[in-house]
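Student: Have a look at the structure that comes next, please.
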Amino acid sequence: MSEVASAPQATSSVRLGLKENWRQFALLIVINAFVGGMVGIERTVVPLIGSEEFGITSTTIVLSFIVSFGVIKALSNLVSGQLADAWGRKHVLVLGWLVGLPVPFMIVWAPSWGWIVAANALLGINQGLAWSMTVIMKVDLVGPRSRGLAVGLNEFAGYLAVGITAFLTGYLASRYGLRPVPIYLGAGYAILGAILSIMLVRDTRDHVRLEASAHSQQSAPITFREVFTLTSFRDRNMFAASQAGLVNNLNDGMSWGIFPLFFASFGLGLERIGILKAVYPATWGILQIATGGLSDRWGRKGLIVAGMWIQSAGLFLTAATRQFEWWLVGSLLLGLGTAMVYPSLIAAVSDASHPTWRARSLSVYRFWRDLGYAIGALSAGIIADLFGMAWAIAIIGAVTFLSGAIVAAVMTGRSGREP
């Protein structure tokens, strides 16, 4: 039995709610911005390092760094919930930052592409542990009535940082080259994130105990295997969310690797590529402030279905056009759709999970979701090598539309305000 489930009652000083816990909540928002920035240093420049500095001509090989990132992050997500219950959220968060510290330095000094792939394996662990903990701890702090808002604010911070950093690295690369100057941002993020996590973050397991004590349905002890099968297949809402999460990150993994190469193939410069790569995650990040809260009031399903279909439209537009202005519109649509989907999916899984095993359930969902990075990068690379990059983008767009249709058919309309 996990420590969360078996520990004694929380102390009377612990309260649930955003207002009651705003200091720790705000601190975790700042920390997740640094977590997102670690990914942002790679969004614009790393695919181009592979093609331009190391002379790699195979799209599949260039995208191998995303495959290593996705597989390792998915596996890290899978164990993060179990570790959080056993060790505490803060310890797992700090461990994630310690693993992430070498990443920017490995990219700066990499003498071969294998170093980049290895750095991204460490980045996957960093993201799987650190980002998972910021999500779980915010959900712990606010209680059941504001899960969507909590997740929206968390993802807003992370993906706005991805977008800003993608733009800054593109700008710096256009003036100082692909390495080392743009990657220095990552070193700052890693050092600051680790210091704040060690010095100021407090664990949130007492909040979980408080929520569990007031929960209308008490949960019998449940094994990780049972949580895995329930989240993956047996619960219709969590199954719908898991497959949609996988496809969402499948198209994100494709866009991460394919878009810079696709835009560069038509002569677009580094600075404008950086703008396009920034608009998508920045739109995604900013709009989650609104969409997370809307999912608490309107329910999860409608936002997820519409968001998947808007993403699909953005991908089809990007594949079909050859002008910067239309690519900008496609990036905006992709960001809007993802903003509607991302917090709603995490909140939907939280809705369907008991507080005593919610961290493990979220870790399973995030395993499937982030496995999409690897599947998307690998499949897009193979399709691009065989048929061209436009076909890769369009086919992933069709898969995204189909995933939205599955959610429409399978998920119920339950929201976080319902018991």
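The values are calculated or read from the model by the stated rules, or taken from the named source; none is laboratory data. No experiment lies behind these values; they were computed from the predicted model shown. Don't worry about glycine lacking a Cβ; one is built from the backbone with ideal geometry, like all the others, and counts go over all protein chains shown. For the accessible areas, the whole protein counts, side chains as well, though only heavy atoms, and no ligand, DNA or RNA atoms are used. Shrake-Rupley method; radii C 1.70, N 1.55, O 1.52, S 1.80 Å.
Student: Counting only heavy atoms of protein chains, what accessible area per residue, in Å², does the chain have with a probe of 1.4 Å?
Tutor: With all protein chains present, the chain gives 35 Å² per residue.
Student: Something else now. If packing is taken as the average number of other Cβ atoms within 10 Å across a peptide's residues, how do 124-132, 377-385 rank, most packed first?
Tutor: Working: 124-132: 27.6, 377-385: 22.6.
Output ranking for 124-132, 377-385: 124-132, 377-385.
Student: Further question: With unit charges on the beta carbon (Lys/Arg positive, Asp/Glu negative), name the residue among S64, H207, I183 whose Cα is farthest towards the positive pole of the charge dipole of the chain.
Tutor: It is H207.
Student: For S213 and W87 in the same chain, what is the full-extension length gain: residue separation times 0.36 nm, less their Cα-Cα distance, in nm? Don't skip to the answer; put the middle values down first.
Tutor: Numbers: separation 126, 0.36 × 126 = 45.36 nm, distance 2.07 nm.
Roughly 43.3 nm would be gained on extension.
Student: Return the ratio Rg/(2.2 N^0.38 Å) for region 115-179, where Rg is computed over Cα atoms only.
Tutor: Values: Rg = 15.8 Å, N = 65, 2.2 N^0.38 = 10.7 Å.
Against the empirical 2.2 N^0.38 Å value, I get 1.47 for region 115-179.
Student: Over all Cα pairs of region 216-300, how is the pair count split among 10 Å bins, expressed in % and running from 0 up to the last occupied bin?
Tutor: 14, 27, 28, 19, 9, 3, 0
Student: Could you order the peptides 159-171, 43-55 from most to least packed, using the average number of other C-beta atoms within 10 Å per residue?
Tutor: On the way: 159-171: 24.8, 43-55: 20.8.
Packing order, densest peptide first, comes out as 159-171, 43-55.
Student: Further question: So, R0 is 22 Å and r is the distance between the beta-carbons of R23 and L192; what FRET efficiency does that work out to, to 0.05? Walk me through the numbers on the way to the answer.
Tutor: Values: r = 18 Å, r/R0 = 0.81.
The calculated FRET efficiency here is 0.80.
Student: Enter the Cα centre distance for the pair region 207-277 and region 285-320, rounded to the nearest angstrom.
Tutor: 13 Å
Student: Still on this model: Using +1 on the beta carbon of Lys and Arg, -1 on that of Asp and Glu, and nothing else charged, what's the dipole of the chain about the Cα centre, debye to 20? Write out the running numbers ahead of the final one.
Tutor: On the way: 30 positive and 21 negative charges, 149 e Å.
Charge dipole of the chain: 720 debye, to the nearest 20.
Student: Can you run phi through the Karplus equation (6.51, -1.76, 1.60; θ = phi - 60°) for region 293-307 and list ³J(HN,Hα) in whole Hz, with x for Gly and Pro?
Tutor: Karplus values, whole Hz, x for Gly and Pro: x, 4, 5, 5, 8, 9, x, 8, 4, x, 5, 5, 4, 4, x.
Student: Among the listed pairs K73/K301; K138/K301; K90/K138, which have their C-alpha atoms separated by more than 24 angstrom in this model?
Tutor: Details: K73/K301 26 Å; K138/K301 22 Å; K90/K138 12 Å.
Beyond 24 Å: K73/K301.
Student: Ok, one more. May I ask you to give the average projected area over all directions of the convex hull of the Cα atoms of region 1-148, in nm² rounded to one decimal?
Tutor: On the way: hull surface 40.7 nm².
Over every viewing direction, the Cα hull of region 1-148 projects on average to 10.2 nm².
Student: Relative to the compact globular guide of 2.2 N^0.38 Å, what is the alpha carbon radius of gyration of region 9-96, as a ratio? Write out the running numbers ahead of the final one.
Tutor: Values: Rg = 18.9 Å, N = 88, 2.2 N^0.38 = 12.1 Å.
Rg over 2.2 N^0.38 Å, computed on Cα atoms: 1.56.
Student: Debye calculation, C-alpha points only, no solvent: report log10 I(q)/I(0) for region 266-419 at q = 0.11, 0.16, 0.18 Å⁻¹, in the same order as the q values.
Tutor: -0.48, -0.95, -1.14
Student: I would also like to ask the following. Based on the Cα atoms of the chain, what semi-axes does the equivalent ellipsoid have, where each is the square root of 5 times one gyration tensor eigenvalue, given in whole Å with the largest first?
Tutor: Details: eigenvalues 229, 110, 64 Å².
That gives 34, 23, 18 Å for the three semi-axes.
Student: For region 252-258, just list the computed ³J(HN,Hα) in residue order, Karplus coefficients 6.51, -1.76 and 1.60, θ = phi - 60°, integers in Hz, with x standing in for Gly and Pro.
Tutor: Whole-Hz 3J(HN,Hα) from phi for region 252-258: 5, x, 5, 5, 4, x, 7.
Student: Using a 1.4 angstrom probe on heavy atoms only, work out the carbon and sulfur share of the accessible area of region 261-419 in %. Don't jump to the answer; show the numbers that get you there.
Tutor: Details: 3850 of 5280 Å².
Carbon and sulfur together cover 73 percent of it.
Student: Now a separate question. With a 1.4 Å probe and every protein chain kept in, tell me what percent of the accessible surface of region 135-234 is carbon plus sulfur. The partial results should precede the final answer.
Tutor: On the way: 2740 of 4290 Å².
Carbon-and-sulfur percentage of accessible area, whole number: 64.
Student: Can you compute the helix-only [θ] at 222 nm over the chain? Use -39500 (n - 2.57) per DSSP H run of at least 4 residues, normalise by all residues, nearest 500 deg cm²/dmol.
Tutor: -25500 deg cm²/dmol
Student: Taking the Cα centre of the chain as the origin and placing charges on Cβ (Lys, Arg +1; Asp, Glu -1), which of A352, P104, V45 is farthest toward the positive end of the dipole?
Tutor: Positive-end residue among those listed: A352.
Student: Roughly what angle does helix 184-199 make with the longest principal axis of the chain, taking Cα atoms, 0 to 90 degrees, to the nearest 10?
Tutor: 10 degrees
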